[in-house]
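Worksheet for the structure shown next.
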Amino acid sequence: MFTKKNTFILLLTFGCFALNAQEKDPKAKKILDELSLKTKAYTTIKAEFTWVVEKKDKTKDSQSGKIQTKGPKYKLEIPGHDIYCDGKTVWDFIKDANEVQIKDMEVGGDDAVNPSTIFTIYEKGYKYKFVSEDATSQIIELYPINPDKKKFHTIKLVLDKTKKQISSVKMMMKDGTVQTYTIKSFAGGTVIPDTDFSFDAKLHKGVSVEDIR
């Protein structure tokens, strides 16, 4: 099931393995630099994705969601939750309970990752290695520089060679679980009003507010 704990695993959209990675694998660096240049050219991003968790016993759970970003601002829609951030404050609207939890946006540190950085997660805190490519895709693996602080040991990025976009992110967790996020649609540079990134209690009659700032 997609719990609130899993929500924050998503915010990461990716220790012995780290020893085998080249921090500056030249081919991987060139590909990631091109990806970063393309992604940062967009003032906004809208994307739809699927999320699959495969446990050690091979059972799977699948969900879908939407994300939109504008600088540090984001809105994440997943089953049961709409999560808003205006760059300073985070609102987690729990639909079934008609409740919104309010907290400050985490700032600073290698682990301060949020949906606004899901498409540029590789830029800080990782070693990287080129794995393979074919006519349409390129695969790069990321290894956290500080693995003790992470719940995963490896992230596998699959990139669209033509579009220079992330196609999927596979996270290999330390507990043997594999989480895969596949981008189903991607649009950059669309107009998104700032009001989309904050929660308006007036639009949700009877909502319960829990301010945990």
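Points worth noting:
- Residues in segment 64-100 that are closer than 23 Å to Ile192 by Cβ and either in contact with a Gly (Cβ under 6 Å, 6 or more places away or on another chain) or polar (S, T, N, Q) (or both): 9 in all.
- Residues satisfying the stated conditions in segment 71-101, i.e. of a type in the set (A, V, I, L, M) and either modelled with pLDDT of 95 or more or in a loop (DSSP other than H, G, I, E, B) (or both): Ile94, Ala97, Val100
- Condition check for Thr190: in a loop (DSSP other than H, G, I, E, B) and over 28 Å from His81 (Cβ atoms): no
Quick grid of which residues meet (1) over 30 Å from Val191 (Cα atoms); (2) at pLDDT 90 or above; (3) in a strand (DSSP E or B):
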{"residue": "Ala28", "(1), (2), (3)": "yes, yes, no"}
{"residue": "Leu37", "(1), (2), (3)": "no, no, no"}
{"residue": "Tyr42", "(1), (2), (3)": "no, yes, no"}
{"residue": "Lys46", "(1), (2), (3)": "no, yes, yes"}
{"residue": "Phe49", "(1), (2), (3)": "no, yes, yes"}
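- Unique residue being surrounded by 13 or more Cβ atoms within 10 Å (Cβ to Cβ), more than 25 Å from Thr43 (Cβ to Cβ), aromatic (Phe, Trp, Tyr) and modelled with pLDDT of 90 or more when the list is Phe199, Phe130, Phe186: Phe130
The values are calculated or read from the model by the stated rules, or taken from the named source; none is laboratory data. Being a predicted model, the structure only gives us computed values, none of them experimental. Don't worry about glycine lacking a Cβ; one is built from the backbone with ideal geometry, like all the others, and counts go over all protein chains shown.
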